[in-house]
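The values are calculated or read from the model by the stated rules, or taken from the named source; none is laboratory data. In this text, all values refer to a predicted model and were calculated from it rather than measured experimentally. Virtual Cβ from ideal backbone geometry, glycine too; neighbours counted across all protein chains shown. The area values use the complete protein model at the heavy-atom level, side chains included, leaving out ligands, DNA and RNA. Shrake-Rupley method; radii C 1.70, N 1.55, O 1.52, S 1.80 Å.
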Amino acid sequence: MKRIFAKSTLRLYWLKHADSEQYLKTWYDTAISSNWKSPNDVKKTYANASILKSGRIVFNIKGNSYRLIVKFNFEKQWAFIRFIGTHAEYDKINADTI
């Protein structure tokens, strides 16, 4: 990915949830250095990721303690952080529209 909007969202989250920091940093480093062209490419890197509608993918962070929803534009190589939260917080949102 050429750009991830916005790393600051991840940073603010790990400042509140210190146990997620290294996992989110690892996800960011992997995503920014990847050349994913499709959801299937993402699945090759993250087999447990869930493909949703509208270019969204859900990642399990820290052994599924947290959920990260990212909306991808594969053509432009952009990724947009749409949500990061606990499993319980994830259950309260609509992952397809957030």
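A Cβ distance below 8 Å, combined with a sequence gap of six or more or placement on separate chains, defines the contacts here; from the stretch 1-24, residues that are more than 20 Å from I57 (Cα to Cα) reach residues that are small (G, A, S) and in a loop (DSSP other than H, G, I, E, B) in the pairs D19/S65. Scanning the stretch 66-78 for residues being part of a loop (DSSP other than H, G, I, E, B) and either among the aliphatic types (A, V, I, L, M) or open to solvent by 50 Å² or more (accessible area, probe 1.4 Å) (or both) gives a total of 2.
When the stretch 15-33 is filtered for residues that are crowded, with 16+ Cβ neighbours inside 10 Å, over 15 Å from G85 (Cβ atoms) and among the small types (G, A, S), only A31 remains. Of all the numbered requirements in (1) part of a loop (DSSP other than H, G, I, E, B); (2) in contact (Cβ under 8 Å) with a residue 12 or more places away in the chain, T30 misses one, and that requirement is (1). Residues of the stretch 49-63 that are of a type in the set (S, T, N, Q), more than 9 Å from the chain's Cα centre (by Cα) and at pLDDT 95 or above: S50 alone.
State yes or no: is K44 out of contact with any Cys (no Cβ under 6 Å at 6 or more places or on another chain), modelled with pLDDT of 95 or more, closer than 17 Å to M1 by Cα and loosely packed, with under 13 Cβ neighbours inside 10 Å? Criteria met by K44.
Within the stretch 34-41, does at least one residue satisfy the condition of being surrounded by 18 or more Cβ atoms within 10 Å (Cβ to Cβ), in contact with a strand residue (DSSP E or B) (Cβ under 6 Å, 6 or more places away or on another chain) and free of Cβ contacts under 8 Å to residues at least 60 places away in the same chain? No, because not a single residue in the stretch 34-41 is surrounded by 18 or more Cβ atoms within 10 Å (Cβ to Cβ), in contact with a strand residue (DSSP E or B) (Cβ under 6 Å, 6 or more places away or on another chain) and free of Cβ contacts under 8 Å to residues at least 60 places away in the same chain. Taken over the stretch 47-65, the criterion of being buried (at least 18 other Cβ atoms within 10 Å of the Cβ) and over 20 Å from T9 (Cβ atoms) is satisfied by no residue.
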